[in-house]
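Have a look at the structure below before the remarks.
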Amino acid sequence: MNELVRGLPPLLAAHTELVLIALIAACALSLPLAIAVAGRPRLALPVVAIAGVIQTIPGLALLALMVAIIAGTGGLGVHLSPFGFPPAVIALTLYAILPILRNAITGLRGVDPAVVEAARGLGMTQGQLLRFVQLPLAAPVIAAGVRTATVWTVGAATLATPVGQICLGNYIFTGLQTRNWGMLLAGVIAAAGLAIVLDLVLGAIEHALAQRERPWAAGGVLVALVVLVLAVLPRLGAADSSAPVVAAHRATAKITHLRIGAKTFTEQYILVEVIRQRLATAGIAADVAQSLGSTVVFDALEGGQIDAYVEYSGTLWVNEMKRTSGTPRWRVLVEVEAWLARRGIRSLGSLGFENAYALALPRTTAERLHAKQLGDLAAHAPELALGGDYEWFGRGEWASVRAAYDLHFGRTATFDPSLLYDAVARGEVDVIAAFSSDGRIAANDLVTLADPLAALPPYDAMILLGARVADDPVVACALAPLAGTISVELMRQANLMVDRADDKATPAAAAAWLLRAAHVPDGC
Amino acid sequence: MIEFADVSKRFAPETWAVRHVSLEIAAGEFVAVLGESGSGKTTLVKMVNRLVDADEGTLLVAGQDVRASDAVQLRRTIGYVIQQVGLLPHLTIADNIAMVPTLLGWTERAKAARVVELLALIGLPDLGARFPDQLSGGQRQRIGLARALAARPRLMLLDEPFGALDPITRVALQGELRKIHDELALTTVMVTHDLVEALTLADRIAVMYRGELRQVGTAAELVAQPADDYVAKLMGMAKHQAAQLAGVTA
């Protein structure tokens, strides 16, 4: 609990900073736009419609889209990083435009035409009309729009975690994936609290505007709050070295600091801790960027925003190299490593286990159907339901398994990976696309089906080092000895320690256990 | 002071709001522009401070072609009062009255002195710190009048200024307006659809009908020599109403 509370301030500060900058940018875009189109219905309609369309894009999709757009356009032509803050703040800004724009247009149009006519008759210029009449009178409605946008943005900003931006989403994603409900709640409560506090402060400003009092008092509270969050909170958090903060500065020649990435599932959280603890022993500090999207993390390594993470050979083989199935495990590993080397990325070799896709089903079902390998399912598949994670049904592996074994399931269903094993245990689906290193396969008494046609590619777990640290001897001697030491049984046990409902371990504790159990030789 | 020479305005190709109007208004005159709604009377008056620009003809104000003058500067020299008053609801009465002086860059001291002067003139000396929504309709219209007078214009335009007021307040304000007009030696053009108001208040009455100026003259001239059937009917209506009223009050 204490650890949760200590880890919160930097997340809260980063979250608040992200939200405020996005809101300020959204105001800076929306207000002039609203002023320009408020008097021109023919322009206002399409402008509001476009803002509305942006709003209908799900938050996570908009963030992912920003990563792709920034990466695809060379950082929008100004070398913006497609990782972390830039895509997050741009997506959130776009997200916040609609309520501010719509309210500003409504507010400006709602100004009594008699007042406007009288003001023009007095001899006000367009600018004076705006400054003395239209903006002050529309201010309460505009402020209400900003409040709406604020609450939305605080919520949507939690989705910035997968694109590499530190925020309260780090607690929410990690909590969800490792079934750490305390952590999940801490993230949710902090986000809700932030939304309520910002809403109250803006509400006070709005009230002051509506009462025609000078809103300085409420504005002062807002400024004080921002200073508190941005200046004081990160220092509180800085006392805790395990706080997941990505350092902003770039290290120079001597490597003293690494940034490590992790994808959004338990095994990644444990392995990132394994790396961090090994580096700490070698005297290198490391920050962790958690819960990154699976393509974001590779782009971040290639782009130098992170220095290391654990990847699986088959993921690069299928997603990045666009290769297909049927290649033996050793060969995939060798070709992937050669492909990486051409990109300046070093692989430290297989950690010793695979985390492959495997179709798994309860032992009782398997025995009833006499199913030992994938081909045995073909006859029964039309009566069975298959569950998979978000990616599975869109991935090449599923297509090739289906083709190779002629599998036509009666029903398919998509689950969050953390819920997949429960779904099959409760009988909501009969078969799941499981991960072979997941401890819950054994814990839930599931059996995995063999793949004699090698339709599923191999997924050797491997530590990748980015160009900045690829040739660093201290980093190498800290991490290289991990190769070949982690068996799939050890990994399953470590995963289960974190994933199980009772007697849960933190990823850090599981990593420490794993390092002891794996007997990793001292490198340095 | 004001000279319309064959002025026309169309809002749509075949819809004339004002059609070939020629009218001269001398300095110090009080002219009522009388007509029913849609007669073009408001459009005619708005051309003077260029809230509407004429399509054809010329319009001189104080000898200057209004089309050649800057609209914003022109408006600051002409007092303008509308039926809805249009006080700025977020400003105090004093700030409302001082708006044109503010736009003209007067000093705070000069503005404050002028506000006191005008509040006294309209008989509401203690209301400077209030906000418009704390005032009655009659008080608001008085403030509208004071605001229009703030920068000492020589010319006042009033568009149905008393149309929304109760009869007692209306009559009181009409009297005050005429008094202010005389005391300050203003030139006043007032749009109205109220026959009695036009006949009792103005030096001359300009009758507008369907965009055209049918007749200009004193009340006596209009009654004695109506130029056409419409004006005759209008004046007949006035006599009829007077007779009815005499019957009721006798």
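Can you go through A:Leu159, A:Leu168, A:Leu200 and tell me which one is without any contact (Cβ under 8 Å) to a residue 40 or more places away in the chain and either away from chain B (no Cβ under 14 Å) or surrounded by 21 or more Cβ atoms within 10 Å (Cβ to Cβ) (or both)?
A:Leu200
Examine the range B:151-169 for a residue that is touching a residue at least 12 places away in the same chain (Cβ under 8 Å), within 12 Å of another protein chain (Cβ to nearest Cβ), under 18 Å from B:Asp194 (Cβ atoms) and of a type in the set (S, T, N, Q), and state whether such a residue exists.
Within the range B:151-169, none of the residues are touching a residue at least 12 places away in the same chain (Cβ under 8 Å), within 12 Å of another protein chain (Cβ to nearest Cβ), under 18 Å from B:Asp194 (Cβ atoms) and of a type in the set (S, T, N, Q).
Select the strands (runs of 3 or more DSSP E) contained entirely in the range B:146-250, then report the ones holding at least 1 residues which are on the phi < 0 side of the Ramachandran plot and under 13 Å from the mean Cα position of the chain (by Cα).
Ranges flagged: B:155-159, B:187-192, B:204-209.
Since A:Ala425 meets every condition but one in (1) under 30 Å from A:Trp181 (Cα atoms); (2) surrounded by fewer than 21 Cβ atoms within 10 Å (Cβ to Cβ); (3) touching a helix residue (DSSP H, G or I) at 6+ places or on another chain (Cβ under 7 Å), which condition does it not meet?
Going through the list (1) under 30 Å from A:Trp181 (Cα atoms); (2) surrounded by fewer than 21 Cβ atoms within 10 Å (Cβ to Cβ); (3) touching a helix residue (DSSP H, G or I) at 6+ places or on another chain (Cβ under 7 Å), A:Ala425 breaks only (3).
Of all the residues that make up the range A:256-291, how many are under 18 Å from A:Tyr459 (Cβ atoms) and not in a helix (DSSP H, G or I)?
5
Out of A:Pro140, A:Pro136, report the one residue that is within 14 Å of chain B (Cβ to nearest Cβ) and within 39 Å of the chain's Cα centre (by Cα).
A:Pro140
For the range B:177-191, does any single residue satisfy the condition of being at pLDDT 90 or above, closer than 30 Å to B:Glu56 by Cα and not aliphatic (A, V, I, L, M)?
The answer is yes, given that some residue of the range B:177-191 is at pLDDT 90 or above, closer than 30 Å to B:Glu56 by Cα and not aliphatic (A, V, I, L, M).
Would you mention how many residues in the range B:85-141 are loosely packed, with under 13 Cβ neighbours inside 10 Å, farther than 26 Å from B:Asp182 by Cβ and among the hydrophobic types (A, V, I, L, M, F, W, C)?
1
If you go through the range B:29-51 one residue at a time, how many are part of a helix (DSSP H, G or I) and either under 24 Å from B:Leu184 (Cα atoms) or within 14 Å of chain A (Cβ to nearest Cβ) (or both)?
Number satisfying all stated conditions: 4.
Can you name every residue in the range A:301-316 that is more than 21 Å from A:Thr178 (Cα to Cα) and either polar (S, T, N, Q) or touching a helix residue (DSSP H, G or I) at 6+ places or on another chain (Cβ under 9 Å) (or both)?
Within the range A:301-316, A:Gly303, A:Gln305, A:Ile306, A:Asp307, A:Ala308, A:Ser313, A:Gly314, A:Thr315, A:Leu316 meet the criteria.
Strands (runs of 3 or more DSSP E) wholly in the range A:311-396 with at least 3 residues that are touching a Phe, Trp or Tyr at 6+ places or on another chain (Cβ under 9 Å) and crowded, with 20+ Cβ neighbours inside 10 Å - which ones?
The strands (runs of 3 or more DSSP E) meeting that bar are A:357-362, A:385-388.
Okay, residues lined up against (1) assigned to a strand (DSSP E or B); (2) touching a Lys or Arg at 6+ places or on another chain (Cβ under 7 Å):
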{"position": "A:Phe409", "(1), (2)": "no, no"}
{"position": "A:Ala413", "(1), (2)": "yes, no"}
{"position": "A:Val429", "(1), (2)": "no, no"}
{"position": "A:Ala434", "(1), (2)": "yes, no"}
{"position": "A:Ser437", "(1), (2)": "no, yes"}
{"position": "A:Ala454", "(1), (2)": "no, no"}
{"position": "A:Ala461", "(1), (2)": "yes, no"}
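Between a first residue in the range B:32-46 that is under 18 Å from B:His20 (Cβ atoms) and a second residue that is at pLDDT below 90 and part of a strand (DSSP E or B), which pairs have beta carbons less than 8 Å apart while being 6 or more apart in sequence or on different chains?
B:Gly40/B:Trp16
Within the range A:104-130, which residues are of a type in the set (Lys, Arg) and within 11 Å of chain B (Cβ to nearest Cβ)?
Passing the criteria: only A:Arg120.
Every residue in the range B:134-145 that is more than 14 Å from chain A (Cβ to nearest Cβ) and either more than 22 Å from the chain's Cα centre (by Cα) or under 14 Å from B:Leu88 (Cβ atoms) (or both), please.
B:Leu135
May I ask you to say which residue of A:Val401, A:Val424, A:Val447 is touching a strand residue (DSSP E or B) at 6+ places or on another chain (Cβ under 7 Å) and not in a strand (DSSP E or B)?
A:Val424
Looking at the range A:70-79, is at least one residue assigned to a loop (DSSP other than H, G, I, E, B), among the aliphatic types (A, V, I, L, M) and at pLDDT below 85?
Scanning the range A:70-79, I find no residue that is assigned to a loop (DSSP other than H, G, I, E, B), among the aliphatic types (A, V, I, L, M) and at pLDDT below 85, so the answer is no.
Name the residue that is nearest to the other protein chains (Cβ to nearest Cβ), counting only residues in the range B:18-28 that are part of a strand (DSSP E or B) and surrounded by fewer than 20 Cβ atoms within 10 Å (Cβ to Cβ).
Per the stated criteria, the residue is B:Leu23.
Could you list all residues from the range B:67-84 that are touching a residue at least 12 places away in the same chain (Cβ under 8 Å) and closer than 19 Å to A:Leu130 by Cα?
Matches in the range B:67-84: B:Ala71, B:Arg75, B:Arg76.
What number goes with the only condition from (1) under 19 Å from the mean Cα position of the chain (by Cα); (2) surrounded by fewer than 16 Cβ atoms within 10 Å (Cβ to Cβ) that A:Gly39 does not pass?
With respect to (1) under 19 Å from the mean Cα position of the chain (by Cα); (2) surrounded by fewer than 16 Cβ atoms within 10 Å (Cβ to Cβ), A:Gly39 is out only on (1).
The values are calculated or read from the model by the stated rules, or taken from the named source; none is laboratory data. All of these numbers come straight from a predicted model, not from anything done at the bench. Positions of Cβ are backbone-derived with ideal geometry, glycine not excepted, and every protein chain shown enters the neighbour counts.
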